[in-house]
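What follows is a short report on a single structure.
The values are calculated or read from the model by the stated rules, or taken from the named source; none is laboratory data. What you see is a predicted model; the values in this text were computed from it and never measured. Every residue, glycine among them, receives a Cβ derived from its backbone with ideal geometry; neighbour counts consider all protein chains shown.
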Amino acid sequence: MGEGIPEAAWRRAVELIARADEVALACHVSPDGDALGSMLATAFVLRSLGKRVVASFGDRTFQVPRLLGFLPGQEMLSPPEDYPAAPELMITFDSASASRLGLLGANAAAARELIVVDHHPSCQGFGTLGLIAPRAAATAMIAEQLIYRLGGALDRDIATCLYAGLVTDTGSFRHSSTSPAAHEMAARLVATGLRTDEIARELWDRSPFGYLKVLAAALDRVTLEDGLVWTYVTRVDRAAYGLPYSELEGVIDIVRRADEAEVAVVCKEDDEGAWQVSTRSKGAVDVGAVCTAMGGGGHHNAAGFTSHDGVEETMARFRELLRKV
Ligand SMILES: [Mn+2]
């Protein structure tokens, strides 16, 4: 098992980590379960190997999304301001490009060695070494293999972090990425005694009340046009209920239900006023290609990008590109 990553790359990664005193870990901005879970699992193991570990993500407002608040190991996180300016060894998780590292992009550019652990087909392979497996269902699958190769073992905390990554990216083993290897990994993780029921509730089955009201506003203006279903959520919608941006992750999963649509889009205005656009496809359309053309990235059936234009302008460009793929 090596997720299709060349043995030489694995060996080089283990070697770089073995000779580093301090390892600086980072994952993509607005981390999801796969990004944060993969990073924290690796942090646990590096710490047990006696390494000094720095772990962070480059959001201007440094805050773990509420739904990931149950992940163990958060005491190992520190804000990007405290991150080494030019790390001796840096490892990034689930970030397809340096731009997805946000504030930590500059640190990555200055790192002496930079290992990129990722599974996005659009991953540009930045850094000095890639552990990149486009067929892996989650970055957590690569992180698990890295842990074994470092001589680490799973305990319940590490397994909980990896499981969060695996179930997030496979949509609870529903997405097309759900391979036999994904289920085999789940078996190893569940065997540590983690609570699958509690993790599922934390990730999917709870929200502040305000979420229901914001969701109602988003659904009230949902539009169906020619195989495309889309809506948007503004800062003003959220402000009325004090709802953080990070609570909006699940809106796309409701919008994409529409049988009449092949592609679903949710434009979410973040706290800085930029539009974070989530897209989903049922398979016929490569939204990853469209989002890459819009300056973002992702997978064939799930991708996103950031727009600094208005919603109408953003959607006009998106529609135009959609017609071309
Ligand atoms: Mn991922």
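Selection of the range 260-279 for residues being out of contact with any Asp or Glu (no Cβ under 7 Å at 6 or more places or on another chain), outside any loop (DSSP other than H, G, I, E, B) and under 23 Å from GLN124 (Cβ atoms) yields VAL277, SER278, THR279. Of the residues that sit in the range 159-171 and are within 16 Å of the ligand (Cβ to nearest atom) and either outside any helix (DSSP H, G or I) or small (Gly, Ala, Ser) (or both), which one is nearest to CYS27 (Cα to Cα)? Among them, the one singled out is GLY165. Give me the residue from the range 116-136 that is under 20 Å from ALA43 (Cβ atoms) and more than 16 Å from the ligand (Cβ to nearest atom) and, out of that set, surrounded by the most Cβ atoms within 10 Å (Cβ to Cβ). Per the stated criteria, the residue is GLY127. The set of residues from the range 280-311 being of a type in the set (Val, Ile, Thr), assigned to a loop (DSSP other than H, G, I, E, B) and over 19 Å from SER176 (Cα atoms) is empty.
Total residues in the range 66-98 satisfying the condition of being within 16 Å of the ligand (Cβ to nearest atom) and either without any contact (Cβ under 8 Å) to a residue 60 or more places away in the chain or farther than 24 Å from ARG195 by Cβ (or both): the figure is 5. Go over the candidates ARG174, ARG188, ARG112, ARG156 one by one and state the one that is surrounded by fewer than 16 Cβ atoms within 10 Å (Cβ to Cβ), over 25 Å from GLY295 (Cβ atoms) and within 16 Å of the ligand (Cβ to nearest atom). On inspection, the qualifying residue turns out to be ARG174. If we keep just the residues of the range 137-153 that are assigned to a loop (DSSP other than H, G, I, E, B) and either surrounded by fewer than 24 Cβ atoms within 10 Å (Cβ to Cβ) or of a type outside the set (A, V, I, L, M) (or both), which is farthest from the ligand (Cβ to nearest atom)? Going through the qualifying residues, I end up with GLY151.
Do we have ARG174 as among the charged types (D, E, K, R) and at pLDDT below 95 here? When the stated conditions are applied, ARG174 passes them. LEU40 meets each of the listed conditions (1) within 16 Å of the ligand (Cβ to nearest atom); (2) not in a helix (DSSP H, G or I) apart from (2).
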